[in-house]
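The values are calculated or read from the model by the stated rules, or taken from the named source; none is laboratory data. For clarity, every value in this text was computed on a predicted model and none was experimentally measured. As a convention, Cβ positions derive from the backbone with ideal geometry for all residues, glycine included, and neighbour counts pool all protein chains shown. SASA here: full protein model, heavy atoms, side chains in, ligands and nucleic acids out. Shrake-Rupley method; radii C 1.70, N 1.55, O 1.52, S 1.80 Å.
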Amino acid sequence: MKNLLIILALYFFGSTSNDVSVTWNESAKLTWADFKGTPNSKSDAVALTASGITFGYSVKTSGDRIIDFTTTVEAHFYPNKSWYIKDKGDAYILAHEQLHFDITELYARKFRAQIEKLVVNQNVKEQMKRLHTTINKAVNETQQRYDEETNHSMNREMQLKWELEIQKELQKFKNYK
């Protein structure tokens with residue numbers, strides 16, 4: 001039997017494996033000190049959160065047959081790619097940025113839940129790659145919809161609605177932390 005390790009990554013923003021990252025933790029919220037990147041002077045945004053999901057798996061084989069697999073899925077925040085404008089950043093905007101990271105964690109949990117349903121077979125690697133592509137697309141679409149519906153946090157009523165909905169969804173997938 002031999003083990004084969006394959007690491008794949010999906011990121012909301014492009015990243016390399018050498019980037020410093022913070023793994024999502026429900027008891028450790030982001031602070032402005034975590035945002036170490038240089039603000040984009042061409043952007044109208046007050047802040048930007050770079051987050052993504054890392055995904056790795058290994059398969060155990062016997063001869064040419066896959067007989068087992070294991071996976072790791074984590075939500076990460078990338079401090080050096082995240083930024084804010086110091087004189088405009090406040091607690092409300094920080095909460096908006098935290099929710100971007102929470103959305104990333106939600107999709108990491110959804111990814112874990114989908115992987116758990118996979119059955120060991122000779123197509124499991126392809127199935128995981130398809131799930132990877134689907135989750136990547138879904139998290140990006142959700143992040144965009146969040147910013148559109150909240151008008152980048154300007155619509156306070158929608159911001160509150162999103163906060164409540166994401167917390168409810170995180171709770172729904174609590175077994176996949």
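Structural remarks
- Cβ-based net charge around residue 19, under 12 Å, with every Lys or Arg adding one and every Asp or Glu removing one: +2
- Charge tally in the Cβ shell below 13 Å around residue 124, where Lys, Arg are +1 and Asp, Glu are -1, residue 124 excluded: +3
- With all protein chains in place and a 1.4 Å probe, the accessible surface of the chain carries 50 percent carbon and sulfur.
- In order along segment 119-131, the phi-based Karplus estimate (6.51 cos²θ - 1.76 cosθ + 1.60, θ = phi - 60°) of 3J(HN,Hα) comes to 9, 4, 7, 6, 9, 4, 5, 5, 5, 5, 5, 5, 4 Hz; Gly and Pro are listed as x.
- Total formal charge among the other residues, if their Cβ is under 15 angstrom from that of residue 90, Lys/Arg +1 and Asp/Glu -1: +2
- For the chain: span of alpha carbons on each principal axis (Å, largest first): 61, 33, 28
- Taking label positions 7 Å along the Cα-Cβ direction at both residue 152 and residue 64, the computed distance is 5.5 nm, reported to one decimal.
- Sorting 160-172, 126-138 by their mean Cβ neighbour count within 10 Å, with the most densely packed peptide first, gives 126-138, 160-172.
- Phi angles of segment 71-84 translate, via the Karplus equation with coefficients 6.51, -1.76, 1.60 and θ = phi - 60°, into HN-Hα couplings of 9, 10, 9, 9, 9, 10, 10, 10, x, 6, 10, 9, 8, 8 Hz per residue; Gly and Pro are given as x.
- For the chain, the relative contact order is 24 percent, taking Cα pairs closer than 8 Å that sit 6 or more residues apart in sequence and dividing their mean separation by the residue count.
- Per-peptide average of other Cβ atoms within 10 Å, ordering 65-73, 107-115, 53-61 highest first: 107-115, 53-61, 65-73
- Shape call, segment 117-177: gyration tensor on alpha carbons, a/c limit 1.5: oblate
- Filter on 42/86; 125/168; 129/161; 60/172 - keep pairs with C-alpha separation over 26 Å: 125/168; 129/161; 60/172
- Per residue, in Å², the accessible surface of the chain once ligands and nucleic acids are set aside, probe 1.4 Å: 58 Å²
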